[in-house]
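Chemist: Provided herewith is a single structure, encoded as structure tokens, for subsequent inquiry.
The values are calculated or read from the model by the stated rules, or taken from the named source; none is laboratory data. All values derive from a computational prediction rather than experimental measurement. When we count neighbours, we look across all protein chains shown, and the Cβ atoms used for this are built from the backbone with ideal geometry, even at glycine. The protein model used for the area step is the full one, side chains on, heavy atoms only, and it has no ligands, DNA or RNA in it. Shrake-Rupley method; radii C 1.70, N 1.55, O 1.52, S 1.80 Å.
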Amino acid sequence: MKKLTSHDEFTKMMKEDQVVFYFTAGWCPDCTVIEPVLPEIETEFPSYTFVQVDRDEFIDICQDFSIFGIPSFVAFNNGEEVSRFVSKDRKTKEEIVEFMNNLPS
């Protein structure tokens, strides 16, 4: 999974086709639980680009997009937000796959 490196990169990537931003932090235990399954999910959905966004490094992006809980996922297509799975709750692989399956194609 690609890691976000700048605000400009975020702006550029959200304008691309089928991008899912994964908001996380190194100290987040719920994020640590799902990280081992994320490569499998990426493999299941090859048409999507997955980008990891460190909440602490990019707090202003989190505020701009109302990401108040992690882990969270926000999907964009050509600059438009198409769906979000945002909460402070722990997420399971099944819930993330369901979120991905429900994204518009």
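Chemist: Return yes when Glu57 is touching a helix residue (DSSP H, G or I) at 6+ places or on another chain (Cβ under 8 Å) and under 19 Å from Met1 (Cα atoms) and no when it is not. Can you show your working first?
Modeler: Details: touching a helix residue (DSSP H, G or I) at 6+ places or on another chain (Cβ under 8 Å): no; under 19 Å from Met1 (Cα atoms): yes.
Considered against the rule, which asks whether it is touching a helix residue (DSSP H, G or I) at 6+ places or on another chain (Cβ under 8 Å) and under 19 Å from Met1 (Cα atoms), Glu57 comes out as no.
Chemist: Given the criteria touching a Cys at 6+ places or on another chain (Cβ under 8 Å) and of a type in the set (S, T, N, Q), does Thr24 qualify?
Modeler: Values: touching a Cys at 6+ places or on another chain (Cβ under 8 Å): yes; of a type in the set (S, T, N, Q): yes.
Yes.
Chemist: What are the residues in the range 34-56 that are free of Cβ contacts under 8 Å to residues at least 12 places away in the same chain and either more than 17 Å from Val19 (Cβ to Cβ) or of a type in the set (Val, Ile, Thr) (or both), if any? Please lay out each step first, then the result.
Modeler: Residues of the range 34-56 free of Cβ contacts under 8 Å to residues at least 12 places away in the same chain: 35-36, 43, 46.
Glu35, Pro36, Thr43, listed by residue number.
Chemist: Go through the range 43-87 and give me each residue that's among the charged types (D, E, K, R), more than 21 Å from Trp27 (Cβ to Cβ) and under 14 Å from the mean Cα position of the chain (by Cα). Step through it out loud before you land on a result.
Modeler: At the first step, the residues of the range 43-87 found to be among the charged types (D, E, K, R) are 44, 54-57, 60, 64, 80-81, 84.
Next, from what is left, pick out any that are more than 21 Å from Trp27 (Cβ to Cβ): 44, 64, 80-81, 84.
Matches in the range 43-87: Glu81, Arg84.
Chemist: Something else: Tell me the strands (runs of 3 or more DSSP E) entirely within the chain that contain at least 2 residues that are open to solvent by 70 Å² or more (accessible area, probe 1.4 Å) and modelled with pLDDT of 95 or more.
Modeler: Numbers: elements: 19-24, 49-54, 72-77, 80-85.
Fully inside the chain and qualifying: 80-85.
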